[in-house]
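What follows is one structure encoded as structure tokens, with my remarks underneath.
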Amino acid sequence: MAEQGSPPPRSGRLPTAGRRGDPRPADRRYWDESAGADEADEEYPPWAGPGVTPRRADQDARQRRAPARQEAGSRGSPARGDARTAVGTWQDEGPSTTDWEPGSRSRRAAARSRRRSRITWVWAGAAVAVVLIVAAVVVKLTGHQAAPVSHDDFVTTFQRGEFKTVPNSCTAVTSATLGQYLPGKRRMVAPRSLNGSAQSLCNWTLDAPPLYRVLSVNAQAYSPSALATGNGSATQAAVDAYQQDLATLRHPLRATHLPPATVIELHGIGTAAFAALQIVQARGISTDLETVVTRDHNVVITVVLQGPHTRSGRYNAAPQSVLQSGAIATATDLTHSLH
């Protein structure tokens, strides 16, 4: 019986976990290859028997994986699975080699610092823009309040010579004027005013073939208004209305389908006056429209006298001079009734 000796001592290094910053490859953590070569040349005791040599626990697996590692190395980058097998089947994968690179933490910290700096500058710029906008709005609003407009020249009451009311238009036109320019049996209509005693309207219609004439009158007294130009007085409001009537006759709205008027200035009626003639053609009927507008202080009087005529001869045309004279006479009657 062969004498049994003690087991052969293992020479080589025990497995150690990789340390951060250790430049040695992962497969040197278990065995020193040179030590393993020396052990292979040692004389083994009789109890080892033929063919028995010291072996690593995973030597068979390492030998099978060696060709795969060599092939992966020839391609330039090892397979992801080889990094795990290099440290053994009983140990988890160690830290990534990128974590071992010096200064990697400082670079990541610098990148985070730059991102935070950019965000801070963006928010700071937005805050400054908001502050500037708010300041501009405040300055604009308070700037007008800092210099209040003086209303010393603004008129809010009726002045001397201005009228609060107007006379009844239906009675202000004399019977002589009506009998001369609308001879015959007339029909009178007095539309209701929306401005009370400050406005008066009246219409007369003569339908006595071959004569057909329509006379319309509107007298209105204006009040002081903040919408008026100038000092806002009642007279200034009447001036604005007078100018608006003149502009409308010279340039009628397209929706009215009326032609531009031929305008002449009149004298001797009120403070200011003009006459305008329009000839309207529609469905075989031609109508002459004679308009006279006069202003006396804060009262504007508008007179329209029209005389249509037909091709059939039922109604004859009235001379334009007659229509103009009739409108002027009516405006004169109304102006005289104010005083």
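Note down the net charge around SER175, summing +1 for each Lys or Arg and -1 for each Asp or Glu among other residues with Cβ under 12 Å from its Cβ. Result for the local shell: 0. Ranked from largest to smallest solvent-accessible area, with a 1.4 Å probe on the protein heavy atoms, ILE328, ILE133, ILE301 come out as ILE133, ILE328, ILE301. Restricting the calculation to Cα atoms, every distinct pair contributes to the Kirkwood radius of the range 172-211, found to be 11.6 Å. Phi-derived couplings, Karplus 6.51 cos²θ - 1.76 cosθ + 1.60 at θ = phi - 60°, listed residue by residue for the range 225-242: 8, 6, 7, 6, 6, x, 8, x, 6, 5, 5, 5, 5, 5, 4, 4, 5, 4 Hz, with x used for Gly and Pro. The equivalent ellipsoid that matches the C-alpha gyration tensor of the range 214-306 spans semi-axes of 27, 14, 11 angstrom, in descending order.
Charge tally around PRO259: other residues with Cβ under 14 Å, Lys/Arg +1 each, Asp/Glu -1 each, net 0. Amide hydrogen proximity for SER286: with H placed 1.01 Å from N in the peptide plane, the residues at 5 or more positions away or on another chain lying under 5 Å are HIS309. Close amide H partners of PHE163, meaning residues 5 or more places away or on another chain with modelled amide H under 5 Å apart, are ASN298. The convex hull of the Cα atoms of the range 142-289, projected and averaged over all directions, covers 13.3 nm².
Annotation for VAL122 and LEU253: the two label points, set 7 Å from Cα along the Cα-Cβ direction, are 5.4 nm apart.
Count charges around TRP121 for me, please; just the other residues with Cβ under 12 Å from its Cβ, Lys/Arg as +1, Asp/Glu as -1. That sum, taken over residues with Cβ under 12 Å, equals +4. Residue-wise HN-Hα couplings along the range 183-199, as the Karplus relation 6.51 cos²θ - 1.76 cosθ + 1.60 with θ = phi - 60° gives them from phi, are x, x, 7, 10, 10, 10, 10, 10, x, 6, 7, 8, 10, x, 6, 7, 9 Hz; Gly and Pro carry x.
The values are calculated or read from the model by the stated rules, or taken from the named source; none is laboratory data. Note that the coordinates shown come from a computational prediction; the quantities given were computed from them, not determined experimentally. Positions of Cβ are backbone-derived with ideal geometry, glycine not excepted, and every protein chain shown enters the neighbour counts. For accessibility, only protein heavy atoms count, side chains too; no ligands or nucleic acids. Shrake-Rupley method; radii C 1.70, N 1.55, O 1.52, S 1.80 Å.
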